[in-house]
Amino acid sequence: MALTLADSNRIMAAAISQAEELNIKISVAVVDAGGRLIGLQRMDGAIWASAYGCQGKAVASAAFGRPSGEMQDRATAPTPAGIRERSGSEMIFGQGAVPIVQGGAVVGACGVGGGTSQEDEQCSAAGAAAL
């Protein structure tokens with residue numbers, strides 16, 4: 001099953017709602033299973049760089065089917081580093097994105113940037129849980 005734009009909008013709204021509860025300003029991205037962008041939103045007042053960070057973390061999470069932070073310690077290992085390089089260096093192996101799984105398969109990921117690493121992951125998890 002593929003994520004739709006409506007799914008993406010619901011995921012992003014939930015992540016932003018969580019950010020509002022935490023009183024932080026974020027950017028949130030939703031990508032499909034291949035790491036291609038479906039939706040991106042940047043809250044008023046969120047730093048511009050967060051728009052790039054949330055996408056990179058989401059791509060890494062979708063690619064490896066796990067939270068992006070779990071890849072942090074392996075970021076310089078030959079295989080993950082090689083995959084990142086061959087894919088255009090778009091992946092960010094930092095905490096803040098979670099995969100979206102439906103029917104046992106990774107269908108995409110939600111990534112967040114703008115808060116602390118833990119806040120970003122909390123917001124992305126809230127987004128993914130909205131499905």
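The values are calculated or read from the model by the stated rules, or taken from the named source; none is laboratory data. Fair warning: this is a prediction, and the values are worked out from it, not measured in the lab. With ideal geometry, Cβ positions are generated from the backbone for all residues, glycine too; neighbour counts draw on all protein chains shown.
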Review point. Can you name the residue in region 78-131 that is within 17 Å of residue 37 (Cβ to Cβ) and of a type in the set (Ser, Thr, Tyr) and is also nearest to the chain's Cα centre (by Cα) among such residues?
Key: 124
Review point. So is residue 63 among the aliphatic types (A, V, I, L, M) and over 10 Å from the mean Cα position of the chain (by Cα) or not?
Key: yes
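From the list 17, 50, 61, exactly one residue is over 16 Å from residue 119 (Cα atoms), at pLDDT 95 or above and of a type in the set (Ser, Thr, Tyr). Which is it? Lay out the reasoning, then the answer.
Numbers: 17 fails: over 16 Å from residue 119 (Cα atoms); 50 fails: over 16 Å from residue 119 (Cα atoms).
After applying the criteria, what remains is 61.
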Point to revise | Leading residue by the ranking (surrounded by the most Cβ atoms within 10 Å (Cβ to Cβ)) among those in region 20-52 that are in contact with a Ser or Thr (Cβ under 7 Å, 6 or more places away or on another chain) and among the hydroxyl-bearing types (Ser, Thr, Tyr) | key: 27
Review point. So which residues in region 89-131 are closer than 29 Å to residue 78 by Cβ, outside any strand (DSSP E or B) and touching a residue at least 24 places away in the same chain (Cβ under 8 Å)?
Key: 90, 91, 92, 93, 94, 95, 96, 117, 120, 121, 124
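Could you grab me the full set of residues in region 1-41 that are basic (Lys, Arg), over 13 Å from the mean Cα position of the chain (by Cα) and within 20 Å of residue 95 (Cα to Cα)? Full working, then the answer.
In the first step, residues of region 1-41 are kept if they are basic (Lys, Arg); the result is 10, 25, 36.
With over 13 Å from the mean Cα position of the chain (by Cα) added as a condition, the list becomes 10, 25.
Selection gives 25 alone.
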